[in-house]
Amino acid sequence: MKILFHLIVVFVFLLVKDGNAQFYKRKINSYNDKGQRTGLWFFYWDDENKVPMSRAFYKNGYESKVSKEYHQNGKMRLKFRYYKDKRLKVKFYNEGRVLEAKGWAIMEYNKKDTHFYYQGKWKYFDGKRKLVRTGWYEKGVEVASSENQNQT
């Protein structure tokens, strides 16, 4: 029992002495061998790195998984969830972090540039999170829409 206690004390001492009590330290803002962004990236509105602008995960130079962008007040402005078939689930928020719109989009990459299109059904909300309008899009062009009739 004493041996186990001493091992724990030595282990804790080594962690504290190192100054980094994490077993795994994630690299941020790094590049792969081809010079492409990879892993977790943070961007900030200020030079002191206190007000976040965006948080994104990159794979082979392209955003993947979940990305978030923030207003200058630090509250989330939009959220992208990437899927393997180039589709994204998108949510837009106002400065009070109230949902304004949500829907699907497509991100197409080519050698010259990147294209972002609304695709499929989009819902738009008022400041009280009540549905006010629905729109349907095809490659960024609205092809149909409907107003919500149940507003009070």
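The values are calculated or read from the model by the stated rules, or taken from the named source; none is laboratory data. Just so it is clear, the model here is predicted, and its values are computed rather than measured. Backbone-built Cβ (ideal geometry, glycine too); neighbour counts: all protein chains shown.
For every residue, the table says whether it meets (1) basic (Lys, Arg); (2) crowded, with 17+ Cβ neighbours inside 10 Å.
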| position | (1), (2) |
| --- | --- |
| HIS71 | no, yes |
| ARG97 | yes, no |
| PHE116 | no, no |
| THR134 | no, no |
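Identify the single condition in (1) part of a strand (DSSP E or B); (2) over 23 Å from ARG26 (Cβ atoms); (3) of a type outside the set (Asp, Glu) that LEU40 does not satisfy, given that it satisfies every other one.
Every condition holds for LEU40 apart from (2).
Among (1) modelled with pLDDT of 90 or more; (2) more than 24 Å from ARG129 (Cα to Cα); (3) not aromatic (Phe, Trp, Tyr), where does VAL66 come up short?
Only one criterion is unmet by VAL66, namely (2).
Given LYS68, LYS79, LYS121, which one is of a type outside the set (A, V, I, L, M, F, W, C), over 30 Å from ASN32 (Cα atoms), part of a strand (DSSP E or B) and out of contact with any helix residue (DSSP H, G or I) (no Cβ under 7 Å at 6 or more places or on another chain)?
Testing whether each residue is of a type outside the set (A, V, I, L, M, F, W, C), over 30 Å from ASN32 (Cα atoms), part of a strand (DSSP E or B) and out of contact with any helix residue (DSSP H, G or I) (no Cβ under 7 Å at 6 or more places or on another chain) leaves just LYS121.
Provide a single number: the residues in region 113-152 that are touching an Asp or Glu at 6+ places or on another chain (Cβ under 6 Å) and of a type in the set (Asp, Glu).
Residues meeting the conditions: 0.
Considering (1) modelled with pLDDT of 95 or more; (2) among the basic types (Lys, Arg); (3) not in a strand (DSSP E or B), say which one ARG129 fails and leave the rest.
(1)
Being touching a Phe, Trp or Tyr at 6+ places or on another chain (Cβ under 9 Å) and either of a type in the set (Phe, Trp, Tyr) or exposed (fewer than 13 other Cβ atoms within 10 Å of the Cβ) (or both) is the filter here, so list the residues in region 46-64 that pass it.
Matches in region 46-64: ASN49, LYS50, PHE57, TYR58, TYR62.
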